[in-house]
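Report on the structure given below.
Coordinate-derived values only; no laboratory data. Worth saying up front: this structure is predicted, and the values here are computed from it rather than measured. Note: ideal-geometry Cβ built from the backbone for every residue, glycine included; neighbour counts use all protein chains shown.
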Amino acid sequence: MLKDVVVVKPLENYQLYLRFEDDVEGVVNVSEIVEFTGVFAALENQEYFETVKVNPDWGTVYWDCGADLDPDVLYSKVTSQAIPNYQVEEKRQPINYRYYFSVEALVSAYHSANKSLSINNEIIEKIEKREKIEEIDISYTSSVMNAVINSVMFMEISINEFFEDVSITNLDDFKAPSLLDIDKIGKDAVKRIKYFLEIDKNFLKRESILDKYNLALLLCEKSTLKKNEEPYQSANLLVGFRNDLVYHKLKANETNLERSLSNKFNLHAKSEKEPYYYPYPKNHLSHECAKWAVSSSRKFVEEFFEKVGITPVYLKEIAQLSRLLEFK
């Protein structure tokens with residue numbers, strides 16, 4: 001429809017005379033269109049109602065209080081025509097390629113870990129010379145934090161992509177725009193997972209990262225990753241450390257998580273020299289921490305895929321990614 005209002009004249013009893021750009025004209029009772037509440041409350045005063053104007057840029061009527069009326073609704077009232085539906089049918093190409101952000105998260109984690117190494121060497125040199133490290137230390141710790149956060153992202157995206165690939169798999173021919181060999185988990189497992197996702201649509205957003213992995217294994221009738229063994233233990237510590245970074249709170253005493261992390265890697269170079277120079281978690285943001293985070297997340301994900309009998313996407317493309325997925 002999209003016919004602009006070009007003339008308006010206020011009338012009694014909340015009525016407006018309107019003329020549109022195609023010379024169609026008529027009278028509309030505004031009280032039948034809107035309730036005089038909120039932004040329209042001022043219009044209940046007839047005197048104010050009569051201050052109505054036309055905004056030529058909008059093609060409709062408005063009042064200084066911020067109220068305006070949809071020109072399509074007005075035109076419909078005048079002509080008795082149905083209000084048009086402007087919803088455009090999407091003409092999307094059939095999905096024939098699946099993009100895997102897990103690969104980008106892993107590459108980013110390696111990149112950040114490697115960047116922290118070069119800065120770490122510079123920090124050690126400055127410490128030995130008793131020079132200030134504050135300027136480069138921000139870049140250093142941010143690189144380590146990026147490695148930690150991207151490593152956890154890699155774990156979560158990987159399991160979400162697994163569930164997503166199962167959900168789009170056709171049960172008749174096992175075809176899907178997927179690089180994961182979903183057919184290897186078997187039709188019964190695919191049916192169970194698809195049914196589970198159908199009855200619990202918020203599962204992927206609600207459950208913890210590691211619980212999603214073990215539930216996937218249960219649905220595939222595979223043994224779960226044991227919580228008291230590696231690689232689950234390190235993956236769990238990694239998620240906990242990420243949470244401490246994101247939801248940081250000052251702690252007076254050393255926590256079990258902090259103590260466990262200290263046994264996994266060396267602390268920040270400054271903290272190695274002066275143990276109480278930095279508080280937790282900054283004292284744990286070291287290059288060794290970045291390497292541990294990346295390695296732990298990768299071991300955990302690869303253990304899962306080995307159990308379900310599927311090759312991770314990044315290992316399928318290892319020829320192209322080999323230089324990006326290694327420590328310098």
Within the chain, which complete DSSP H helices have Cα atoms spanning at least 30 Å along the helix axis and a mean Kyte-Doolittle hydropathy of -0.5 or higher? 101-128, 134-167, 287-308
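Would you mind getting me the FRET efficiency between Q320 and E230? Use the beta-carbon distance for r and R0 = 25 Å, nearest 0.05.
Efficiency computed from Cβ-Cβ geometry: 0.30.
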Would you please put 192-204, 297-309, 223-235 in order of how densely packed they are, using the mean number of other Cβ atoms within 10 angstrom per residue and starting with the highest? 297-309, 223-235, 192-204
Distance between the C-alpha centers of region 172-212 and region 45-80? Whole Å please. 52 Å
Which far-off residues, 5 or more places away or on another chain, put their amide H under 5 Å from the one on V6, with H placed in the peptide plane? R19, F20, E21
Based on Cβ point charges of +1 for Lys and Arg and -1 for Asp and Glu, what charge dipole magnitude is obtained for the chain about its Cα centre, in debye rounded to the nearest 20? 2120 debye
Report the FRET efficiency, 1/(1 + (r/R0)^6), for E303 and R130, where r is their Cβ-Cβ distance and R0 is 35 Å, rounded to 0.05. 0.20
With respect to the cross-link table entries K184/K205; K249/K307; K222/K264, which display a Cα-Cα separation exceeding 31 Å? K249/K307
Given a Förster distance of 56 angstrom, what is the FRET efficiency for F327 paired with V39, based on the Cβ-Cβ distance and rounded to 0.05? 0.40
Ranked highest first by the average count of other Cβ atoms within 10 Å around their residues, in what order do 118-131, 17-30 fall? 17-30, 118-131
Labelled set [x] 43, 21, 19; [y] 58, 32, 19; [z] 76, 19, 15; semi-axes √(5λ) of the Cα gyration tensor in Å computed from this model equals the value at [y]
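Once the piece of chain linking F101 and D181 is laid out straight, how much longer is it, given 0.36 nm per residue of separation minus the C-alpha distance between them?
The F101-D181 span can extend by a further 27.1 nm.
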Would you list which lysines come within 28 Å of K53, measuring only between C-alpha atoms, while excluding same-chain residues fewer than 8 positions from it? K3, K9, K77
With 0.36 nm assigned to each residue of separation and the Cα-Cα distance removed, S260 to S167 gains 29.7 nm
